[in-house]
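Below: the structure, in structure tokens.
The values are calculated or read from the model by the stated rules, or taken from the named source; none is laboratory data. What you see is a predicted model; the values in this text were computed from it and never measured. Cβ placement follows ideal geometry from the backbone for every residue including glycine, while neighbour counts extend to all protein chains displayed. Note: areas computed on protein heavy atoms with side chains; ligands, DNA, RNA excluded. Shrake-Rupley method; radii C 1.70, N 1.55, O 1.52, S 1.80 Å.
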Amino acid sequence: SEENEFIELMNISDQAIQLTGVSFSTGIQYTFEGNATLDPMARTVLNPSDYTGQLDNGGENITLLDADGNIIESFRYNDKSPWPEAPDGNGPSLVRIAPEHRLDPELASSWRPSVQDNGNPGSSDASSFEGQGQEAIFSYALKESPFKNPKFYQITQLKDSTDFVFIASIEPNLSADDVAYSIEFSSDLKQWTEGIFLGNIHSESSGSTLSWQSKSPVTDQNPQQFARVKITIR
């Protein structure tokens with residue numbers, strides 16, 4: 001909703017930056033004035049009372065320009081899969097994953113819902129892995145083991161096709177920005193291929209679910225499909 005709307009900028013460099021003259025030209029309209037600066041790893045938050053326009057809950061283009069009119073960042077966000085569906089005006093905010101790693105803002109996989117409704121303006125809800133070993137990584141990165149929950153595996157017929165594909169899903173720890181996820185598929189347990197990322201889908205029953213689809217259809221000649229979860233600490 002507009003009353004809870006905000007947009008946040010973060011300085012991910014190791015030195016203070018000058019914001020004077022920096023402006024949003026699409027999405028909202030706002031220009032930093034005075035002697036505005038932003039310290040290293042600090043954040044600044046703009047609320048609706050600060051800028052002109054309103055962020056579209058359904059998605060739109062956002063463009064940030066420097067004082068000379070050069071593009072600092074420009075991308076289009078969305079609220080349809082593969083983008084997170086929960087940040088749609090009355091719940092979580094849309095959070096850039098691990099901003100210091102400069103993930104591509106055009107990719108849905110670079111964004112997630114905030115852990116709590118209304119987000120964390122001016123701060124972060126991200127956690128960090130401090131354990132050791134594979135078991136600790138899986139316990140930290142996932143809400144539960146996908147291998148113990150059959151609802152995370154399904155065979156689905158493709159739209160306008162006679163082909164069926166294997167879809168596998170996980171429930172991630174939303175705050176684990178230091179984790180990169182993927183699911184790989186194989187028909188022989190020898191050759192593995194990363195699946196097609198379907199998105200971050202939210203439902204009240206299952207929370208936030210990341211899903212991937214196998215690239216190879218399930219056929220009489222290729223009846224077996226195996227999946228494995230790949231988790232990497234950034």
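At a Förster radius of 22 Å, what calculated FRET efficiency corresponds to the Cβ-Cβ distance of Lys215 and Ser81, to the nearest 0.05?
That gives a FRET efficiency of 0.80.
Mind giving me the FRET efficiency for Thr162 and Thr20? R0 is 41 Å, r the Cβ-Cβ distance, nearest 0.05 is fine.
Given R0 = 41 Å and the Cβ-Cβ separation, E is 0.10.
Compute the length gained on full extension between Ile155 and Asn4: take 0.36 nm times their separation in residues and subtract their Cα-Cα distance, giving the result in nm to one decimal.
50.4 nm
How large is the charge dipole for the range 85-234, taken about the Cα centre, if only the Cβ atoms of Lys, Arg (+1) and Asp, Glu (-1) carry charge, to the nearest 20 debye?
The calculation lands at about 280 debye.
With every protein chain kept in the model, how would you rank Arg112, Arg234, Arg96 by accessible area, 1.4 Å probe, largest at the top?
The residues order as Arg234, Arg96, Arg112, largest area first.
Just subtract the alpha-carbon distance of Phe226 and Glu135 from 0.36 nm times their residue separation and send over the number in nm, one decimal.
Here the segment from Phe226 to Glu135 would lengthen by 30.7 nm.
Between (1) 119; (2) 150; (3) 268, which entry matches volume of the Cα convex hull per residue in Å³ as derived from the coordinates of this structure?
Computed from these coordinates, volume of the Cα convex hull per residue in Å³ corresponds to label (2).
Which of Thr44, Phe6, Ala126 sits closest to the plus end of the dipole of the chain, meaning its Cα is farthest towards the positive end, when Lys and Arg get +1 and Asp and Glu get -1 on the C-beta?
Highest projection toward the positive end goes to Ala126.
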